[in-house]
């Protein structure tokens, strides 16, 4: 069995309750941190661990912490980003639902490291039952003296609140999240200033993903160096992967970074191979925002090396022949899947979730959706494919926040790798009008219609 | 601090944005701004029309910035080098933004009161493409009545947020804002409230397009048929300095005075704007000049115009003589004089 950091105790009966969690050694990192370590020492440990942000961008957590403005004397805040809405990603929910105290322990230790006395968990509104689980867990933690005034008799105090979002994907963007937490409309702010300087109510703020924070107790209990031993190169530690799609065993898996994609998909310990033994067609390795990979680039990179589950290896080849680790929403497609339909589905999501603040994203995402819908329903033309390419190119990089990029990348990758499928949709409109057009007639078997 | 924009060098104070520096230089390098408004706080960054390329970050860190930057929100650094119209990437991006802004814009300029002083018209004149690539139906909104003085045309709105900032910063109670999100975000009052506030009329002036127009001026004239005059009156609520838009002796519209970047010099109150439409209410200072290329100059009274004489045949309405004879009944006398004979 591979090393497990987050899901080690997940199968202990009653781990959701405070008593069992405490018996299993929970909250020991808080004891260790508050009694024997200074905040800067914790930050140094996290830096040494090489832990990278698990929300999608993969920015080193320790580095992010060290940017927080401690000189201004303003109160500081830690905000946990539990607004997990990326299609294909459901790892944070699993963590919060089954082992809520791990997140709370991580929040206390991390808040201590940052010198924050008021911290928040911003959870998406659709996770209402998880919200209640967390509320209960926080109440238990207050009762046991882990939160509140003078924790463990030290002069460190911390208040922790859970705030419920109202159903907007954009509020997972850190500045939009802060706006929403302040009670405003969740529009991303224009950076700079970064939240580390001016975040929640103008105070220095760090926003971290649930999984990033949940890793901190282990790092404090053991050491940053121990954490860095796991994984490969700059991808250290373990990562939760939300596996879904045409695989035998979908679910949340904790992997040690550095196993191969082949092993992850095909070994019985993880996904258990392809469903119904149908061939693999495409893979979205990191949630809907990242570029899709065609079959020949999944197990091997363009250079012929094995593709690994690491930040670097998944990005190998750039956008031409690679993808991204993203948030770990691992979506596998077999040959019955229609890439055009899938791309349209993603585009529809982004058009629905764009905040409407900046023009390229507001107008562009809607336009992408409309053109893709036209192609998918057999009413597209060849010019539409080039038009799609133009629109995504015009959105990318010109928007306030990364949502525009996230909407553009999947479209670009789909056209780059699966252009023949788009052409098939244009040339054989009668065939694609059937919603299940590739179910009985996988694209591989009719590909010759396009190539000749 | 020294900053270079399209090869023009200028010294500016720290804290100046690239757009402000470009406006100090003036000329063609000034990026278009659809949402930024220097008189209002916290505007800008949204329309992305003012994107520029920073080819050198600063003297200390000369690396170029990888992405195009919104010039209205990016502060200058010492030694920064910026490319505005001299960069193909920038022109490309502006073209793209213009297209994005136009795909859902109704293009009803012929019946729009803003036509002639519309920032989107200017932007598309400069950076637009003549061909349309958007085949779908444009989005539309249900009309909403937001009061007696201001007409809201949500279909024309480009969501610059300027009017929201006006309501936030000039008036006491903001009753309107942006509802919904994505391409169905809309300016609206919650719920169908009338906007009734002493300074609410300034929303009309800051609106870059025809989404908010003056109901007292609605369909009265085209802006280029009006003669603008600077005028003032003693007003207890505002400075009372306005521009009157005259048609003959009639004041058809009152607006605040706008500078060359179409930003008002001083905000005016609703009484000055909507209630004082008699020339005797005002002390007229003299004609107001507009920038050289403005269509408003079509009605330029500073230039001598020749009187137009329409030359027609004298009896054109009666028709030609030979035709009249043809259609008449020959046997019946044509004139009174003939019948007496």
Identify, please: which residue in segment A:390-408 is within 17 Å of residue A:187 (Cα to Cα) and crowded, with 24+ Cβ neighbours inside 10 Å and is, among those, farthest from the other protein chains (Cβ to nearest Cβ)? A:406
Residues satisfying the stated conditions in segment B:37-56, i.e. within 13 Å of chain A (Cβ to nearest Cβ) and either buried (at least 16 other Cβ atoms within 10 Å of the Cβ) or touching a strand residue (DSSP E or B) at 6+ places or on another chain (Cβ under 7 Å) (or both): B:43, B:44, B:45, B:46, B:47, B:48, B:49, B:50, B:51, B:52, B:53
With the checklist (1) within 23 Å of the chain's Cα centre (by Cα); (2) closer than 27 Å to residue A:268 by Cα in hand, flag the one item residue A:13 doesn't pass. (1)
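From the list A:203, A:117, A:209, A:150, pick out the single residue that is surrounded by 15 or more Cβ atoms within 10 Å (Cβ to Cβ), away from chain B (no Cβ under 14 Å) and more than 29 Å from residue A:5 (Cβ to Cβ). Talk me through it step by step, then tell me what you get.
Working: A:117 fails: more than 29 Å from residue A:5 (Cβ to Cβ); A:209 fails: more than 29 Å from residue A:5 (Cβ to Cβ); A:150 fails: surrounded by 15 or more Cβ atoms within 10 Å (Cβ to Cβ).
None of the others qualify; the one that does is A:203.
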For residues that are more than 26 Å from the chain's Cα centre (by Cα) and under 19 Å from residue A:450 (Cα atoms), tally how many sit in segment A:379-423. 13
Being assigned to a loop (DSSP other than H, G, I, E, B) and surrounded by 16 or more Cβ atoms within 10 Å (Cβ to Cβ) is the filter; apply it to segment B:176-190 and report the residue that is farthest from the other protein chains (Cβ to nearest Cβ). B:181
Name the residues in segment A:174-194 that are away from every other protein chain (no Cβ under 13 Å) and crowded, with 24+ Cβ neighbours inside 10 Å, would you? A:174, A:177, A:178
Sort out which residues of segment B:22-51 are touching a residue at least 60 places away in the same chain (Cβ under 8 Å) and part of a helix (DSSP H, G or I), and write them in order of number. B:22, B:23
Unique match (being in contact with a strand residue (DSSP E or B) (Cβ under 6 Å, 6 or more places away or on another chain) and over 30 Å from residue B:294 (Cβ atoms)) among B:213, B:189, B:236, B:243: B:189
How many of the residues making up segment A:327-372 are more than 7 Å from every other protein chain (Cβ to nearest Cβ) and either within 20 Å of residue A:297 (Cβ to Cβ) or in contact with a strand residue (DSSP E or B) (Cβ under 9 Å, 6 or more places away or on another chain) (or both)? 17
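Just checking, which of B:65, B:69 is within 14 Å of another protein chain (Cβ to nearest Cβ), surrounded by 15 or more Cβ atoms within 10 Å (Cβ to Cβ), closer than 24 Å to residue A:396 by Cα and touching a helix residue (DSSP H, G or I) at 6+ places or on another chain (Cβ under 9 Å)? I'd like the intermediate steps shown before the answer.
Numbers: B:65 fails: touching a helix residue (DSSP H, G or I) at 6+ places or on another chain (Cβ under 9 Å).
Within the list B:65, B:69, the selection yields B:69.
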With criteria (1) in contact (Cβ under 8 Å) with a residue 12 or more places away in the chain; (2) farther than 22 Å from residue A:259 by Cα; (3) crowded, with 24+ Cβ neighbours inside 10 Å, residue A:359 comes up short on (1)
Mind listing just one residue for me: the one in segment B:96-113 that is surrounded by fewer than 22 Cβ atoms within 10 Å (Cβ to Cβ) and over 24 Å from residue B:51 (Cβ atoms) and, of those, nearest to the other protein chains (Cβ to nearest Cβ)? B:106
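Would you be able to say whether some residue in segment A:41-63 is over 26 Å from the mean Cα position of the chain (by Cα) and surrounded by fewer than 22 Cβ atoms within 10 Å (Cβ to Cβ)?
The first filter runs over segment A:41-63 and keeps only residues over 26 Å from the mean Cα position of the chain (by Cα), leaving A:41.
Subset that is surrounded by fewer than 22 Cβ atoms within 10 Å (Cβ to Cβ): A:41.
Looking through segment A:41-63, at least one residue is over 26 Å from the mean Cα position of the chain (by Cα) and surrounded by fewer than 22 Cβ atoms within 10 Å (Cβ to Cβ).
State all residues of segment B:21-36 that are touching a helix residue (DSSP H, G or I) at 6+ places or on another chain (Cβ under 7 Å) and more than 10 Å from every other protein chain (Cβ to nearest Cβ); if no residue qualifies, say none.
The initial filter retains those residues of segment B:21-36 that are touching a helix residue (DSSP H, G or I) at 6+ places or on another chain (Cβ under 7 Å), namely B:22, B:29-36.
Scanning segment B:21-36 gives B:22, B:29, B:30, B:31, B:32, B:33, B:36.
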Given (1) outside the structural domain of residue B:139 (by TED's automatic domain parsing); (2) assigned to a loop (DSSP other than H, G, I, E, B), number of the condition residue B:54 does not satisfy: (2)
Please tell me if residue A:376 is surrounded by 15 or more Cβ atoms within 10 Å (Cβ to Cβ), closer than 19 Å to residue B:49 by Cβ, more than 9 Å from chain B (Cβ to nearest Cβ) and under 31 Å from the mean Cα position of the chain (by Cα). no
Taking the conditions exactly as written (over 22 Å from residue A:357 (Cβ atoms), in contact (Cβ under 8 Å) with a residue 60 or more places away in the chain, out of contact with any helix residue (DSSP H, G or I) (no Cβ under 9 Å at 6 or more places or on another chain) and outside any loop (DSSP other than H, G, I, E, B)), does residue B:81 satisfy them or not? yes
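Quick check on my filter: what residues within segment A:353-375 are assigned to a helix (DSSP H, G or I) and under 19 Å from residue B:47 (Cα atoms)? Don't jump to the end; show me each part of the working.
Keep residues of segment A:353-375 that are assigned to a helix (DSSP H, G or I), which gives A:353, A:359-375.
If the condition is that a residue be assigned to a helix (DSSP H, G or I) and under 19 Å from residue B:47 (Cα atoms), then A:353, A:359, A:360, A:361, A:362, A:363, A:364, A:365, A:366, A:367, A:368 are the ones that fit.
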Restricting attention to segment B:116-164, which residues are under 26 Å from residue B:189 (Cα atoms), in contact with a helix residue (DSSP H, G or I) (Cβ under 8 Å, 6 or more places away or on another chain), within 14 Å of another protein chain (Cβ to nearest Cβ) and crowded, with 17+ Cβ neighbours inside 10 Å? B:120, B:158, B:159, B:162
Suppose we keep only residues that are within 15 Å of residue A:112 (Cα to Cα) and surrounded by fewer than 12 Cβ atoms within 10 Å (Cβ to Cβ) within segment A:153-166. Which one would you say is farthest from the chain's Cα centre (by Cα)? A:153
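Any residue that is over 23 Å from residue B:107 (Cβ atoms) and either in a loop (DSSP other than H, G, I, E, B) or out of contact with any helix residue (DSSP H, G or I) (no Cβ under 8 Å at 6 or more places or on another chain) (or both) - is there at least one of those in segment B:201-218?
Going residue by residue through segment B:201-218, those that are over 23 Å from residue B:107 (Cβ atoms) are B:201-202, B:216.
Filter again for either in a loop (DSSP other than H, G, I, E, B) or out of contact with any helix residue (DSSP H, G or I) (no Cβ under 8 Å at 6 or more places or on another chain) (or both), leaving B:201.
Scanning segment B:201-218, I find at least one residue that is over 23 Å from residue B:107 (Cβ atoms) and either in a loop (DSSP other than H, G, I, E, B) or out of contact with any helix residue (DSSP H, G or I) (no Cβ under 8 Å at 6 or more places or on another chain) (or both), so the answer is yes.
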Looking only at segment B:299-341, which residues are within 30 Å of residue B:257 (Cα to Cα) and modelled with pLDDT of 70 or more? B:306
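The values are calculated or read from the model by the stated rules, or taken from the named source; none is laboratory data. Just so it is clear, the model here is predicted, and its values are computed rather than measured. Cβ coordinates were reconstructed from backbone atoms using ideal geometry, including for glycine residues, and neighbour counts include every protein chain displayed.
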